[in-house]
Structure formats: structure tokens, C-alpha cells
Amino acid sequence: MKLEGKAVLVTGASRGLGEALMKELVRKGARVVGVARHAQEMEAVAAALRAQGHVAHALAYDVGDKEAIYPLVGAASALVGPLDVLVHNASTLGPTPLPLLLDTACEDLSKVLEVNLVGPFRLTKAVAGAMAMRGGGVVVHLTSDAAVSAYPRWGAYSVSKVALEHLGRIWAAELQGTGVRFFNVDPGDMDTQMHRDAIPEADPATLLRPELVATRLAALLERAETVPSGSRLEASRLEAA
């Protein structure tokens, strides 16, 4: 896939990996819409990219809000056209410091699932049919090693990522042959605000830079047709663009 001219929607794009991915994709000529809950932060990212001559737009929506999904897709499509790539990057840990499962409120678990699992399901449902009708598209789920390892206190987040990965595999199986491809990508431990919120004592020098992970995700998109749909991939093992 040549990214030049492609219409891309990245959720959770006002900071961290989402912001870095927006910057990398517009650099390669993609037309990118970033979405985040906070309008001012999201617009600042997009405005800086537009000032450099790129096609970048900002939308303020909460992907965990059911009523936001179709307005979000409609607004994004109006800005850049039918979506070619959807990146599910928005995510929440839930309350921090991270509690034990026995201390996790049912309402907090529900909120994590709404943002990390149900939101991506609704958003994919809103765009994947049109992708299939056009004969192609890529949907990326950003996941975590917490989906494969049982870390104490990471219960709500871990459960959401386990389910998100299997959701990607089921989408891949059900849409096989349509040209729409799904990837679960574990970016690894990155120097982001979310990581600092979860593990404040971590040494930033030991963590991956979001910009490096973004180059590897962009390279994956460029060779998406060579990678089996439904694959679980680790960014550390992907080649950079």
C-alpha cells in the first residue's frame, strides 16, 4: 500500500504514539484525521502539521461514547474521503494507581471495556463494510503484552486487550477475501504518559520512543498486503520504514 493520498483515521492522536503516528503518516503523504477527547490538544497537533504543508485534521470525540461513533465517521469522511486505514490507538488504563481485581469497581471495568473494546468494535463496524465494498482497507488494533501475560493489577486493561486481539482475529476471519485486513500490533513499552501513569518508577531510558514505533507501524501499512490478516505482531520485530 502506498500511503500517499490514503485517508487515515487515528484515535487517541493528541499525544504519545497516536501523535507520532499522525506525524509519520502525513510525512508519507497520507491525509490524516486524528481524534481525541480534548479538542484543544488535538487541534494543536493537527495545526502544527498543516503549518508544515501536510493534510491533517482534528476531531474531538470520545470513542467510548456510543453516540459519538457515526458523527465521528461522518466528519472524518467529509474531511478526507472514504477511510482506507483505521488505527485503534485510543486506550485507557482505568483508575491509577492500578488496583487489584478485587478492588476494581464494576463501573471502572465497564468504562475500560467501553473505550478499549466496545468503542473499536463500533468504529470498525461503521467503516469496515464500506472498505469491503471498495475492495480494500486496513484496521490496526494497538494491543499490549498485557494481553498475553497476567500482570497483577493490570486486570481491567489486560482483559480489554485480550478481547480486542480476538476481536481482530474474528474480523479477519469473517472478512477474509474482501481485501480488508486486520492486524493486532503490540507496540512494546513506550515512553508515554500512559506508561508513566501505570509505572511511574520506570526509567524512561529503557523505554521505546513513540516515534520509532510509528515508523515501524507505517512500514507495516506499506506492506500490509504481504502480511496475513489477523496476525499478532510485535513492533520490536517489525522493520522500520
Quiz item: Scanning for something buried (at least 21 other Cβ atoms within 10 Å of the Cβ) and within 29 Å of Ala132 (Cβ to Cβ), does the stretch 199-214 turn up at least one residue?
Solution: yes
Quiz item: Failed condition for Val185, given (1) surrounded by fewer than 17 Cβ atoms within 10 Å (Cβ to Cβ); (2) closer than 16 Å to Ala147 by Cα; (3) β-branched (Val, Ile, Thr), with all others met?
Solution: (1)
Quiz prompt | Looking only at the stretch 210-241, and only at residues there that are without any contact (Cβ under 8 Å) to a residue 40 or more places away in the chain and of a type in the set (D, E, K, R), the one that is nearest to Val32 (Cα to Cα) | solution = Arg216
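Per-residue answers, yes or no, for (1) of a type in the set (Gly, Ala, Ser); (2) outside any strand (DSSP E or B):
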site	(1), (2)
Ala156	yes, yes
Ile170	no, yes
Gln176	no, yes
Asp197	no, yes
Thr215	no, yes
Ala218	yes, yes
Ser229	yes, yes
Leu233	no, no
Self-check item: Of all residues making up the stretch 52-67, the number that are surrounded by fewer than 20 Cβ atoms within 10 Å (Cβ to Cβ) and of a type in the set (A, V, I, L, M, F, W, C)
Solution: 2
Exercise. Scan the stretch 116-149 for residues that are outside any helix (DSSP H, G or I) and open to solvent by 40 Å² or more (accessible area, probe 1.4 Å) and report the count.
Key: 3
Quiz item: Here are Ala90, Ala44, Ala78, Ala48: which of them is small (Gly, Ala, Ser) and buried (at least 16 other Cβ atoms within 10 Å of the Cβ)?
Solution: Ala90
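The values are calculated or read from the model by the stated rules, or taken from the named source; none is laboratory data. If you're wondering where the values come from, they're calculated on a predicted model, not measured in any experiment. Glycine gets a Cβ as well: all are built from the backbone with ideal geometry, and neighbour counts include every protein chain shown. To get the accessible areas, we keep the full protein, side chains included, count just its heavy atoms, and leave off ligands, DNA and RNA. Shrake-Rupley method; radii C 1.70, N 1.55, O 1.52, S 1.80 Å.
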